[in-house]
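Notes for the one structure printed next.
All of the numbers you see were taken from the coordinates with simple rules; none came from a lab. As the structure is a computational prediction, the values presented were derived from the model and not from experiment. Note: ideal-geometry Cβ built from the backbone for every residue, glycine included; neighbour counts use all protein chains shown.
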Amino acid sequence: MKKILLAALTTAFLVFSAGASADMVANVYSCTLKEGKTSEDAHAINGEWLKWARATAGTDGINSSFTTSIVGDLEGFMWVDTYEDLTAWAKVNGADMDKENPELSEALNALADCGESRLYKMEASKVAE
């Protein structure tokens, strides 16, 4: 059911994003590394994911960061994935990584638990004159 809902939402985003502005979007996942996994593991797997995501969307306008707190709650980390627009995000999130790249999907699932995510629209501010 989740995959059907995701496919429907992704299709809607593809249709509506064609007329949407070119504002960047950021997909932020709150995660916890699984026992025995390290930030080095996360960087290596994320590099593979980034290569796959860029190929899937057909653009190098996707970036991803392994983000940790330096003040406050030091538990966990976030993936912060930025996309040049909703179309690129929809292409990546509408793809079935389980079928297209099962090894990468398994590696990501073995790496971390990500219990929450949000998609943010990013609008650049202009310098006041």
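Each Lys and Arg contributes +1 and each Asp and Glu -1, all at the Cβ; summed about the Cα centre of the stretch 16-129, the dipole is approximately 240 debye.
The Cα center of the stretch 61-129 and the Cα center of the stretch 26-42 differ in position by 11 Å. Toward the positive end of the charge dipole of the stretch 86-129, with +1 on the Cβ of Lys and Arg and -1 on the Cβ of Asp and Glu, the farthest Cα among G94, M122, A107 is that of M122.
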